1. Return the pairs, sorted by first residue and then second, in which the second residue is exposed (fewer than 14 other Cβ atoms within 10 Å of the Cβ), the first residue lies in region 40-66 and is in contact (Cβ under 8 Å) with a residue 60 or more places away in the chain, the beta carbons are less than 8 Å apart, and the residues are 6+ apart or on different chains.
2. Determine which member of the set A83, A41, A27 is touching a Pro at 6+ places or on another chain (Cβ under 8 Å), in a strand (DSSP E or B) and modelled with pLDDT of 95 or more.
3. I'm trying to understand the selection: among the residues of region 283-331, which are touching a Lys or Arg at 6+ places or on another chain (Cβ under 7 Å) and among the small types (G, A, S)?
4. Among the candidates D142, D211, D217, D222, which residue alone is under 17 Å from D283 (Cβ atoms) and surrounded by 18 or more Cβ atoms within 10 Å (Cβ to Cβ)?
5. When you check G2 against the structure, is it outside any loop (DSSP other than H, G, I, E, B), without any contact (Cβ under 8 Å) to a residue 60 or more places away in the chain and over 23 Å from the mean Cα position of the chain (by Cα), yes or no?
6. Consider L169 carefully, then state whether it is assigned to a loop (DSSP other than H, G, I, E, B), surrounded by 15 or more Cβ atoms within 10 Å (Cβ to Cβ) and modelled with pLDDT under 95.
7. Just the residues that are polar (S, T, N, Q) and in contact with a Gly (Cβ under 8 Å, 6 or more places away or on another chain), please, taken from region 107-124.
8. Given the structure, is L158 part of a loop (DSSP other than H, G, I, E, B), closer than 14 Å to M79 by Cβ and of a type in the set (A, V, I, L, M)?
Amino acid sequence: RGDGTFEEVTQVAGPGSHPGATLGAVAADFNGDGWPDLYLANDQMSNELWINGHDGTFSEEGLLGGAALSGDGQPQASMGVDAGDFDGDGDEDLFLSHLSRETNTLYLNDGSAVFEDATARAGLAAPSWEYTGFGTAWFDYDNDGRLDLLVVNGAVKLLEPQVRAGEVLPLRQPDQLYHNLGGGRFEAVEVAGTALSTAKVSRGAAFGDLDDDGDIDVVVVDNGSAARLLENRVGAKSSWLGLRLVESHGRDALGAVVILHRADGGSILRRVSTAGSYASARDPRLVFGLDDGSPPERIEVRWPDGTRETWPAPSVGRYTTLHEGTGEVMH
């Protein structure tokens, strides 16, 4: 309510009318109307897409919008979920991690909250077939300006080869990193270090620049062992620009959308968020990879209250804090 208190409005707002086995949730403006919508990733039942009605209520349009079921019309065991503009077309797409023998799922947004299952043609189906994914996120691990994917894996059904070998916890699987090739295609990174190739029973994955060197590191939580810190040693080799967005009351501007405009006319869209993945949080700061060679020209911010401001591009290779009300207002 803006005063440090909360009011339960789930039933009135709409989502409370559809009880589900929800394991992940993300809020983003999927239809481009300036209002945040909700997407719920459900376990072994249809996922839900709740479109904001601008009046405190939401309407469920998952089936109508093509994001409730897989491309062959089946519900999946959704665990982790994240939203991001991986293809640079100015809207946010969805990625979900799933049970083995289902594949993970990439839902491509057409900008109006109508989605298409693009998993197979993106090259993400076959590599994920044998694995059960949990924590996941869009992040630009190599700072080339395109969002990549990490999925941390761990089975929920006993793996017979590990049972026969006498494993204490026969559920171990390696994690997977997918590099965005552009053109809507990804490839599994086969050589990403022993931190990813060592099989564990992974569940949570939290993303953030833990050493302030301009690339995104990951903390992974595993069953039966200590948490792991995966230090990124790739992204800092490329040019980057970091931002923290602070609203007028001094809080991190969760939900703010930032567009970095480049000198060549291209742009990169990112959203301030601490949500996504699976049972995890993330660093609210944004990192823009600039390895394509085109320098940044200006920063456009769409604040959560709908106002828009712009700033000249700040210095690269460092973090800059942008405060609401200090930029040039856009009309």
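1. I51/S59
2. Every option except A27 fails the conditions.
3. Residues satisfying the conditions are S294, A313.
4. Criteria check complete, one pass: D217.
5. Considered against the rule, which asks whether it is outside any loop (DSSP other than H, G, I, E, B), without any contact (Cβ under 8 Å) to a residue 60 or more places away in the chain and over 23 Å from the mean Cα position of the chain (by Cα), G2 comes out as no.
6. Considered against the rule, which asks whether it is assigned to a loop (DSSP other than H, G, I, E, B), surrounded by 15 or more Cβ atoms within 10 Å (Cβ to Cβ) and modelled with pLDDT under 95, L169 comes out as yes.
7. S112, T119
8. no
The values are calculated or read from the model by the stated rules, or taken from the named source; none is laboratory data. Note that the structure is predicted; figures quoted are calculated from it, not measured. Every residue, glycine as well, gets a Cβ built from its backbone with ideal geometry; the counts of neighbours run over all protein chains shown.
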